[in-house]
Amino acid sequence: MYNVREKIGIYPGSFDPVTLGHLDIIERSSKMFDKLIVAVLHNKNKKALFSAEERVKMIQSVTSHLCNVEVSSFEGLSVEFARAKGAHVLVRGLRAVTDFEYELQMAQTNRAMCPEIDTIFLTTDLRYAYLSSSIVKEVAYFDGNIEMFVPAAILPLVKEKLMEDNRK
Ligand code: ADP
């Protein structure tokens, strides 16, 4: 049983891998809830570089300083996962207008399916406005420096994974 008075937020995403932009949203939104659950989407139809377990472990390792943050993976709809966890708020990050159209559509669809769950948007810190997991992978793939894009603790894991991937 969860505590009905506890304010729980869900931050869903692919996090393939987690970036400093994601971490900034996690740190800021964790202050708004009693508990923030970072929810890693395990999408069987979308090829990810990291497995869902690896993504969960990486986020756990970079959020260990945040005592009200929990990390899990889920399959299916974010709203269903939120419902199962007793959460009423989905957190999403907005970088630019290009994110807005899709995010608005997603939030409205989720609201149509689950009116008791709201989506809130946090605008990106300007330092990370251009940053995405795909850009990180692209730069790392060509052996570029990704130090300013991902938390230091996961740097070796990203490099190692791409080397592994290149050998395939
Ligand atoms: P998804 O596949 O759900 O878009 P992502 O892992 O790419 O998953 O992103 C998860 C959430 O984090 C999304 O709401 C996305 O807009 C947000 N996000 C991604 N990168 C940044 C960033 N640099 N700054 C702020 N928010 C971000």
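Tabulated results
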| item | result |
| --- | --- |
| Any hit, segment 17-30, residues being in contact with a strand residue (DSSP E or B) (Cβ under 9 Å, 6 or more places away or on another chain) and away from the ligand (no atom under 12 Å from the Cβ) | yes |
| Scan of segment 25-38 for residues that are in a helix (DSSP H, G or I) and either open to solvent by 20 Å² or more (accessible area, probe 1.4 Å) or among the aliphatic types (A, V, I, L, M) (or both), ordered by number | Ile25, Ile26, Glu27, Arg28 |
| Only listed residue being within 16 Å of the ligand (Cβ to nearest atom) and assigned to a loop (DSSP other than H, G, I, E, B), chosen from Phe81, Phe50 | Phe50 |
| Scan of segment 84-101 for residues that are modelled with pLDDT under 95 and in a helix (DSSP H, G or I), ordered by number | Val97, Thr98, Asp99, Phe100, Glu101 |
| Residue check, Val89 over 25 Å from Phe50 (Cβ atoms), touching a residue at least 60 places away in the same chain (Cβ under 8 Å) and either within 12 Å of the ligand (Cβ to nearest atom) or open to solvent by less than 50 Å² (accessible area, probe 1.4 Å) (or both) | yes |
| Any hit, segment 95-105, residues being surrounded by 15 or more Cβ atoms within 10 Å (Cβ to Cβ) and not charged (D, E, K, R) | no |
| Condition broken by Gly76, with the remaining ones in (1) on the phi > 0 side of the Ramachandran plot; (2) buried (at least 16 other Cβ atoms within 10 Å of the Cβ) satisfied | (2) |
| Residue count, segment 141-155 (criterion: within 16 Å of the ligand (Cβ to nearest atom) and either without any contact (Cβ under 8 Å) to a residue 40 or more places away in the chain or open to solvent by 30 Å² or more (accessible area, probe 1.4 Å) (or both)) | 3 |
| From Ser73, Ser51, Ser30, Ser14, residue being free of Cβ contacts under 8 Å to residues at least 40 places away in the same chain and within 12 Å of the chain's Cα centre (by Cα) | Ser73 |
| Enumeration of residues in segment 1-15 that are within 13 Å of the ligand (Cβ to nearest atom), open to solvent by 10 Å² or more (accessible area, probe 1.4 Å) and in a loop (DSSP other than H, G, I, E, B) | Ser14 |
| Which listed residue is over 17 Å from Leu122 (Cα atoms), at pLDDT 95 or above and crowded, with 19+ Cβ neighbours inside 10 Å, from Leu49, Leu41 | Leu41 |
| Residue among Arg95, Arg127 that alone is touching a residue at least 40 places away in the same chain (Cβ under 8 Å), under 17 Å from His22 (Cβ atoms) and within 14 Å of the chain's Cα centre (by Cα) | Arg95 |
| Residues that are in a strand (DSSP E or B) and either more than 8 Å from the ligand (Cβ to nearest atom) or exposed (fewer than 15 other Cβ atoms within 10 Å of the Cβ) (or both), drawn from segment 122-135 | Thr123 |
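The values are calculated or read from the model by the stated rules, or taken from the named source; none is laboratory data. The structure displayed is predicted, hence computed values, not measured ones. Backbone-built Cβ (ideal geometry, glycine too); neighbour counts: all protein chains shown. We work out accessible area using only protein heavy atoms, side chains counted, and drop any ligands, DNA or RNA first. Shrake-Rupley method; radii C 1.70, N 1.55, O 1.52, S 1.80 Å.
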